[in-house]
Amino acid sequence: MIAVYPGSFDPITLGHVDIIHRISSKFKQLHVLIAESTDKNYMFSTQERLEFLQLSLSDIANIHFHFTSGLTVDFAKSLNADVIVRGIRAVSDFEYEMNMANMNKKLAADIETMIVFANPQYNFISSRLVKEIAKHKGSLKDLVPDCVLKAFEVKFIHK
Ligand code: ADP
């Protein structure tokens, strides 16, 4: 099976890394997709986010990285993907993910959304909170991969 794991990854956190490690062995190919949304402002450029993904996940053999400004389902169809994987951290994620899954089902009936529950060790981590902590120069230990830590240091600490 071919899977697509879409997200903003602004930036990738250890929660994303954990999900990707857990699911990569379950599929023949795993395509991690930076899916750009028009109504979001990103802290890191697409290029930076792609580099973080590549540096953090270089140990996984069947992984591929992409970017789209279009619809995730269109990207998934272009690859003949079987599933879209999304993560759920808490009940608060549920409604959004259910709406998205139902809409994607409407747009692409053959593609299933698979939900993976966040590891309890990481289920409080979000890219939004990580950015907030970084802006206030708080500790990001155990929250993000090393390459992201370094990028935040350059952005906020060495300035
Ligand atoms: P989006 O803007 O599409 O929600 P994110 O990069 O925030 O993109 O998240 C991508 C996917 O990863 C989503 O399914 C989200 O629920 C999941 N995710 C985010 N943080 C974590 C985490 N700490 N543990 C597990 N899954 C997570």
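Going through (1) under 17 Å from LYS26 (Cβ atoms); (2) within 15 Å of the ligand (Cβ to nearest atom); (3) acidic (Asp, Glu) one by one, GLU48 falls short only on (1). Report yes if some residue within the stretch 125-137 is closer than 23 Å to ILE2 by Cβ, more than 11 Å from the ligand (Cβ to nearest atom) and of a type outside the set (A, V, I, L, M, F, W, C); otherwise report no. Within the stretch 125-137, not a single residue is closer than 23 Å to ILE2 by Cβ, more than 11 Å from the ligand (Cβ to nearest atom) and of a type outside the set (A, V, I, L, M, F, W, C). Of the numbered criteria (1) more than 16 Å from the ligand (Cβ to nearest atom); (2) open to solvent by 60 Å² or more (accessible area, probe 1.4 Å), the one PHE156 fails is (2).
Selection of the stretch 93-124 for residues being within 9 Å of the ligand (Cβ to nearest atom) and crowded, with 17+ Cβ neighbours inside 10 Å yields ASP93, ALA118, TYR122.
Could you say which residue among ASP10, ASP39 is within 13 Å of the ligand (Cβ to nearest atom) and modelled with pLDDT under 95? Unique residue meeting the criteria: ASP39.
Restricting ILE34, ILE88 to those that are within 9 Å of the ligand (Cβ to nearest atom) and farther than 18 Å from PHE124 by Cα reduces the list to ILE34.
The values are calculated or read from the model by the stated rules, or taken from the named source; none is laboratory data. All of these numbers come straight from a predicted model, not from anything done at the bench. Every residue, glycine as well, gets a Cβ built from its backbone with ideal geometry; the counts of neighbours run over all protein chains shown. Each accessible area value is taken on the protein alone, full model and side chains, heavy atoms only, with ligands, DNA and RNA left out. Shrake-Rupley method; radii C 1.70, N 1.55, O 1.52, S 1.80 Å.
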